[in-house]
Amino acid sequence: MKEYFFIFSIFLFLIFQPVSVNADTKKQAEKGSVGASVSANLTEQLRKGKEKVQVLCSACHGLDGVAASGGNSVIVPNLTAQHKDYLIAKLKDYKSGKINHPQMTLIAQMLTDEEIEYVSEWYSRIKIQIFDPNLVLSKPSE
Ligand code: HEC
């Protein structure tokens, strides 16, 4: 009897798992936020990019590419929806020393060319919405 209950619980777990993931994804899509734990709809490249960004970039640039308060510099650029080729070019310039920056040069040197591709794919693929400042004013920058 106990065994049946156990097997039945596993069965229920397997059935309801995808439903709850989809519900989370949907909730986040409605809010327009990037969730750290949900990666169900991502391609292999995006999943790897997200994982790398979470570990190495999010403290300063945010997981969603909106600059966070981490790091020593107050001038951390937003990366959300930036062109992929632009991000790749910048990261390679930091890595090669063509652009020298105390934080970004070190960080770019920790990335392989493949990882540069993945993190650039991640930040470039986050969708944003544009509002005409005549109609909707953004918050003043601090
Ligand atoms: C310690 C904070 C910090 C971390 C961590 C960090 N960055 Fe940066 N990043 C900066 C700052 C500050 C700048 C502006 C540097 C400059 O003025 O050249 C910058 C600039 C950049 C730029 C150039 C943007 C532009 O428009 O010129 C890219 C691309 C970038 N970062 C990507 C990344 C990625 C990808 C990661 C993770 C692998 C990362 N950064 C991690 C602080 C950080």
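The values are calculated or read from the model by the stated rules, or taken from the named source; none is laboratory data. Given the structure is predicted, the values throughout are model-derived calculations rather than measurements. Virtual Cβ from ideal backbone geometry, glycine too; neighbours counted across all protein chains shown.
Brief remarks on what is shown
- The residue that is nearest to Glu114 (Cα to Cα), counting only those in the range 23-45 that are hydrophobic (A, V, I, L, M, F, W, C) and more than 13 Å from the chain's Cα centre (by Cα), is Ala40.
- Residue within the range 17-36 that is more than 13 Å from the ligand (Cβ to nearest atom) and either at pLDDT 95 or above or touching a helix residue (DSSP H, G or I) at 6+ places or on another chain (Cβ under 6 Å) (or both) present: yes
- For Ala81: the one exception among (1) part of a loop (DSSP other than H, G, I, E, B); (2) within 11 Å of the ligand (Cβ to nearest atom); (3) among the small types (Gly, Ala, Ser); (4) in contact (Cβ under 8 Å) with a residue 40 or more places away in the chain: (2)
- Cβ pairs under 7 Å, 6+ apart, first in the range 118-142 and small (Gly, Ala, Ser), second assigned to a helix (DSSP H, G or I) and at pLDDT 90 or above: Ser120/Lys84; Ser120/Leu87; Ser120/Ile88; Ser120/Leu91; Ser124/Lys84; Ser124/Leu87
- In this structure, Val76 does not qualify as of a type outside the set (S, T, N, Q), modelled with pLDDT of 95 or more and near the ligand (Cβ under 8 Å from one of its atoms).
- Among residues that are modelled with pLDDT under 95 and closer than 18 Å to Ala59 by Cα, Pro102 is included.
- Checked against the criterion of being of a type outside the set (A, V, I, L, M, F, W, C), closer than 18 Å to Val119 by Cα and modelled with pLDDT under 90, the range 46-67 contains not a single residue that satisfies it.
- Among the residues making up the range 71-93, a single one is within 17 Å of the chain's Cα centre (by Cα) and on the phi > 0 side of the Ramachandran plot: Ala81.
- Scan of the range 94-142 for residues that are in a loop (DSSP other than H, G, I, E, B), under 20 Å from the mean Cα position of the chain (by Cα) and away from the ligand (no atom under 12 Å from the Cβ), ordered by number: Arg125, Ile126, Lys127, Ile128, Gln129, Ile130
- Filtering the range 22-37 to residues that are outside any helix (DSSP H, G or I), without any contact (Cβ under 8 Å) to a residue 40 or more places away in the chain and surrounded by 13 or more Cβ atoms within 10 Å (Cβ to Cβ) leaves only Gly35.
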